[in-house]
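For reference, the structure discussed in these notes is given below.
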Amino acid sequence: MSEMDRRGFVKAGLAVLAGTALGNGITLFQARAEDGQDKAKTRWGLVIDANKCGEKCSECVNACRTENNVPLFGDPRYDGHWIRKATITPENVEGGKSTSLPLLCNHCEHPPCKHVCPTAATFVRHDGIVLIDKHRCIGCRYCMVACPYKARTFVFKNSEAWPNPDVPKRSKGVVEKCTFCAHRLDKGQTPACVEACTKSGEGAMIFGNLNDPQSEIHRYIKENAPHGLREDFGLKPKVLYKGV
Amino acid sequence: MKKIRYVALEGTSGGYIALLGALGALSLCGFWAAWTMFQNGHHVTGMTNSVPWGFPIVVAIYLVGLSAGSLVISALSSVFGKDDFKPFSRIAALLAALLLIGALMSIILDWGRPERIMVPFFHMNPRSMFSLNGMLYSAYVAICFVYLWAMFKENEKLVKRLGLLAVFWAVLVHSGTGAIFGFVGARELYHSPLLPPSFIAAALSSGTALMILVLYLTFKWAGKTLDENLLKQLGGHLTIFLVVVAYLILVENLTRSYWPANYAAQDFLLFSGNKYSLIFWVGMVGCGIVFPMMILFGSSARPLARTLFASALVVAGVLAERYIIVIPGQVLPVDIFPGMKVVSDFQDGVIAEYSVSSAEAIYGLGIVSFVFFLYAVALKFFELMPETEPSKREDA
């Protein structure tokens with residue numbers, strides 16, 4: 001067994017042990033490990049080509065709301081946002097070109113939300129997706145304060161609407177965010193936003209396995225060198241942008 | 001040194017009953033506010049997705065800080081050998097524990113799911129400052145109570161050891177509390193290595209100031225004589241703490257203001273004329289540091305009155321300081337695209353609105369009242385107050 005293999009084995013073992021020890025809290029998703037993501041068979045990532053993202057298009061946002069029952073309360077202070085559209089314009093260029101793009105959880109390799117979570121309710125799944133165990137979240141909101149991308153929203157009110165029964169019903173008092181549609185990935189589908197973006201013909205999103213050298217996303221990153229937002233923070237986001 | 005006998009308060013006077021009634025009623029209002037938040041969700045508060053931490057967190061760290069001063073005053077005799085302060089040691093140790101219990105309540109009742117109170121005990125995250133502080137705070141309360149128990153047993157050796165442990169633990173508790181904010185790299189007004197030490201400094205200033213007021217009022221209302229020189233000595237300690245607080249705040253803000261990347265944030269905090277700069281200059285700097293220093297240093301006439309007035313200002317000023325630690329850092333939007341103007345449906349790039357809602361104000365007032373309700377009840381049932389020659393009996 002090589003040195004790296006042995007290390008990987010020990011880490012996997014520790015992850016399994018941790019998973020066993022924390023077992024009864026896990027009801028939605030299983031297995032957790034921050035490290036070793038790069039060595040996992042699958043590590044999901046998303047590239048967004050802002051040049052292709054239409055300013056008027058919000059198909060990704062709508063698809064996410066439908067898929068994940070993300071509620072709108074008609075009050076921007078409390079509305080849930082798992083993915084949102086933003087328009088950015090250079091501050092110091094008069095009439096500078098504006099760019100439209102979606103913002104969502106970046107599923108960081110070093111997620112500060114996970115680091116600050118007092119109950120370890122936020123965890124990294126084996127395929128690199130950052131998830132929240134909503135049965136363990138106490139609603140302290142430290143993660144919202146710690147996230148530099150404002151990717152998390154708090155459930156300020158109960159929402160009765162539950163159109164898609166494939167995702168858990170939400171209850172107030174916990175924090176939520178994009179799951180990369182983990183429930184769809186587990187069925188072999190792509191995230192709802194990606195599917196909608198492709199269907200709409202914009203084709204601004206490429207989703208795939210970062211660890212698979214044959215994947216489209218892997219090729220795209222090699223050729224186009226997209227980058228993460230605020231890479232100076234060192235969080236290693238797995239959502240990358242081209243044309244920003 | 002003369003042995004001090006401690007006695008319980010008689011607690012039968014009309015004034016005492018009225019005080020208990022008022023504090024009890026305010027506590028109930030606070031619990032009602034907490035229940036309202038729990039029942040309806042946090043939209044009854046001023047908090048939003050942009051400002052997820054509101055007044056309950058301000059109150060929590062305020063109470064954590066106040067607890068430090070009490071503990072240090074309690075330890076003055078047992079650890080630092082200042083026997084003159086021994087009459088205060090029991091009261092001060094009790095108040096240190098109660099204030100921290102209040103802080104814990106303010107944090108926990110503000111959770112979205114306070115009924116999951118046991119979860120953090122079973123699932124810890126050693127990297128989380130909240131998780132660590134949960135352990136530090138709980139242990140601190142326990143240490144304070146054991147320390148108090150040792151005082152009741154008059155086991156001097158044990159008192160000294162536990163006092164030392166409690167002081168050391170208080171340093172951990174207050175550093176940890178500062179680190180909750182200082183360690184957050186995502187927000188430019190939070191991220192600072194100076195927050196843990198400046199949290200300790202402000203804790204000592206506000207805690208000493210609170211103890212000066214509490215001791216004065218407790219002894220006065222209980223009709224007991226209090227050596228005013230001791231309060232004036234505490235006032236002397238207070239000035240030293242104020243100088244340290246001022247120095248740390250100055251260094252932190254100069255450091256941040258020096259680097260152009262922080263111009264916008266510092267301008268927002270210090271010079272924009274909004275409510276935050278007002279609270280910064282008038283509340284935190286004025287009430288919390290400058291006015292009390294002027295009063296304490298200004299003249300030597302009526303020293304007791306000056307000490308009491310300065311203490312009241314510091315107690316109010318440090319509440320402003322805690323507000324400035326918690327709120328402006330969230331109100332300023334996270335800078336996802338430096339150098340770009342951002343527009344979205346989610347208030348990206350917008351300076352967020354926050355004001356303390358009535359539910360939050362009642363919540364804060366209720367928890368503080370509850371702390372003093374417990375304090376007043378404890379005075380009646382435990383031998384906490386030193387026996388003195390009765391002075392003019394007023395309310396007791």
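The values are calculated or read from the model by the stated rules, or taken from the named source; none is laboratory data. This is a predicted model, so every value here is computed, not measured. Note that each Cβ is placed from the backbone with ideal geometry, even for glycine, and that neighbours are counted across all protein chains shown. Remember, those area values only see protein heavy atoms, side chains included, never the ligands or the DNA or RNA. Shrake-Rupley method; radii C 1.70, N 1.55, O 1.52, S 1.80 Å.
Would you calculate, for the protein assembly as shown, the mean residue ellipticity at 222 nm contributed by helices, counting each DSSP H stretch of 4 or more residues as -39,500 (n - 2.57) and dividing by all residues, to the nearest 500?
-16000 deg cm²/dmol
For chain B, what is the convex hull (Cα atoms) projected area averaged across all directions, in square nanometres?
20.6 nm²
Accessible area, 1.4 Å probe, largest first: how do A:66, B:388 sort?
Correct descending sequence by accessible area is A:66, B:388.
Under a point spin-label approximation (7 Å from Cα along Cα-to-Cβ), what is the residue A:41-residue A:171 distance to one decimal in nm?
Roughly 3.6 nm, to one decimal.
Report, to the nearest 10°, how far helix B:89-108 tilts away from the longest principal axis of the Cα atoms in chain B, using its own Cα long axis and a range of 0 to 90°.
So the inclination is approximately 30 degrees.
Given charges of +1 on the Cβ of Lys and Arg and -1 on the Cβ of Asp and Glu, with all other atoms neutral, how large is the dipole of the protein assembly as shown about its Cα centre, in debye to the nearest 20?
Magnitude of the dipole: close to 940 debye.
Shielding of B:179-188 by partners, i.e. mean partner chain Cβ atoms within 10 Å per residue?
The shielding value for this peptide is 4.
What shape does segment B:292-372 take by its C-alpha gyration tensor, where a ≥ b ≥ c are the square roots of the eigenvalues and a/c under 1.5 counts as rounded, a/b above b/c as prolate, and the rest as oblate?
oblate
Could you give the size of the charge dipole of segment B:7-386 about its Cα centre, using +1 on the Cβ of each K and R and -1 on the Cβ of each D and E, expressed in debye and rounded to the nearest 20?
For this selection, approximately 700 debye.
When ranked by the protection proxy of mean other Cβ atoms within 10 Å per residue, highest first, what sequence do the peptides B:342-355, B:170-183, B:152-165 form?
B:170-183, B:342-355, B:152-165
Between 0 and 90 degrees, rounded to the nearest ten: what's the tilt of helix B:303-326 against the longest Cα principal axis of chain B?
Approximately 30 degrees, to the nearest ten.
Rounded to the nearest 100 Å², what is the sum over both chains of accessible area buried where A meets B, with a probe of 1.4 Å?
Interface area, both chains combined: 4500 Å², rounded to the nearest 100.
Which shape class, rounded, prolate or oblate, goes with segment A:172-244 when its Cα gyration tensor gives a ≥ b ≥ c as root eigenvalues, a/c under 1.5 marks rounded, and past that a/b bigger than b/c marks prolate?
oblate
Just order A:162-173, A:75-86, A:114-125, B:89-100 by mean Cβ neighbour count inside 10 Å, highest at the front, would you?
B:89-100, A:114-125, A:75-86, A:162-173
Given the protein chains as shown and a 1.4 Å probe, how many square angstrom of residue B:382 are accessible, to the nearest 10?
Only protein atoms counted, so the area is about 110 Å².
Residues of the protein assembly as shown: accessible area per residue at 1.4 Å, in Å²?
42 Å²
Summarise the accessible area of segment A:33-242 (1.4 Å probe, protein heavy atoms) by the percent that is carbon and sulfur.
50 percent
Efficiency by 1/(1 + (r/R0)^6): what FRET value for residue B:282 and residue B:7, r their Cβ-Cβ distance, R0 = 56 Å, to the nearest 0.05?
With R0 = 56 Å, the Cβ-Cβ based efficiency is 0.85.
Peptide B:51-58: average number of partner chain Cβ atoms within 10 Å per residue?
Partner-chain Cβ atoms within 10 Å, mean over residues of B:51-58: 3.
Tell me which residues come under 5 Å, amide H to amide H, from residue B:7 once H is placed; ignore anything under 5 positions away on its chain.
B:384, B:385, B:387
From other protein chains only, count the Cβ atoms within 10 Å of every residue's Cβ in A:148-154, then give the mean.
The per-residue average across the peptide is 5.
Kyte-Doolittle cut-off -1.0, length cut-off 15 Å along the helix's own axis using Cα: show which whole DSSP H helices in chain A pass.
A:3-21
Could you order A:49, A:232 by accessible surface area, starting with the largest, using a probe radius of 1.4 Å?
Solvent-accessible surface, decreasing: A:232, A:49.
Show me the GluC sites (Glu not before Pro) within segment A:73-110 that DSSP assigns to loop and that have at most 15 other Cβ atoms within 10 Å of their Cβ.
Counting only loop positions with at most 15 other Cβ atoms within 10 Å, the GluC sites (Glu not before Pro) in segment A:73-110 are A:91, A:94.
Rank B:323, B:140 by accessible area, highest first, at a 1.4 Å probe radius?
B:323, B:140
Using only Cα atoms, locate the centre of segment A:143-179 and the centre of segment A:186-244, then give the distance between them in Å, rounded to an integer.
Answer, in whole Å: 23.
Using a 4.7 Å cut-off between beta carbons, which cysteines in chain A end up with no partner cysteine at all?
A:53, A:57, A:64, A:108, A:117, A:137, A:140, A:147, A:181, A:197 - these cysteines have no disulfide-compatible partner (Cβ-Cβ under 4.7 Å) in chain A.
Ignoring ligands, DNA and RNA, what percent of the 1.4 Å accessible area of segment B:1-42 is carbon and sulfur?
Here carbon and sulfur together make up 69 percent of the probe-accessible area.
Just check segment A:33-242 against the gyration tensor rule for me: Cα atoms, a ≥ b ≥ c as the square roots of the eigenvalues, rounded for a/c under 1.5, and otherwise prolate or oblate depending on whether a/b exceeds b/c.
Verdict is rounded for segment A:33-242.
Considering only B:89, B:342, B:122, whose Cα is most displaced toward the positive end of the charge dipole of segment B:7-386, charges sitting on Cβ of Lys, Arg (+1) and Asp, Glu (-1)?
Of the candidates, B:89 comes out farthest on the positive side.
What is the magnitude of the charge dipole of segment A:33-242 about its Cα centre, with +1 placed on the Cβ of each Lys and Arg, -1 on the Cβ of each Asp and Glu, and no other charges, expressed in debye to the nearest 20?
Result for segment A:33-242 is approximately 460 debye, rounded to the nearest 20.
Report, to the nearest 10°, how far helix B:156-182 tilts away from the longest principal axis of the Cα atoms in chain B, using its own Cα long axis and a range of 0 to 90°.
On a 0 to 90 degree scale, this one is about 20.
Please list 3J(HN,Hα) in residue order for segment A:227-239, calculated via the Karplus relation 6.51 cos²θ - 1.76 cosθ + 1.60 where θ = phi - 60°; whole Hz, with x for glycine and proline.
Using θ = phi - 60°, the values come out as 9, x, 7, 6, 5, 4, 6, x, 7, 6, x, 9, 10 Hz.
Which residue, A:61, A:229, A:210, has the largest displacement toward the positive end of the dipole of segment A:33-242 when charges sit on each Cβ (Lys, Arg +1; Asp, Glu -1)?
A:61
Suppose we take every Cα in the protein assembly as shown and form the convex hull; what volume per residue is that in Å³?
Dividing the Cα hull volume of the protein assembly as shown by its residue count gives 174 Å³.
Go through B:386, B:56, B:291 and say which Cα lies farthest out towards the positive end of the charge dipole of segment B:7-386; charges sit on Cβ, +1 for Lys and Arg, -1 for Asp and Glu.
Most positive-ward Cα: B:386.
Using per-residue counts of other Cβ atoms within 10 Å, averaged over each peptide, order A:196-207, B:306-317 from highest down.
B:306-317, A:196-207
Read phi for every residue in segment B:188-197 and hand back ³J(HN,Hα) as whole Hz from Karplus 6.51 cos²θ - 1.76 cosθ + 1.60, θ = phi - 60°, with x for Gly and Pro.
Going residue by residue, I get 5, 7, 8, 5, 6, x, 7, 4, x, x Hz, with x marking Gly and Pro.
Using a 1.4 angstrom probe on protein heavy atoms only, which residues from segment A:85-107 are buried by at least 20 Å² of accessible area when all chains are present rather than their own chain alone?
A:85, A:86, A:87, A:88, A:89, A:90, A:91, A:103
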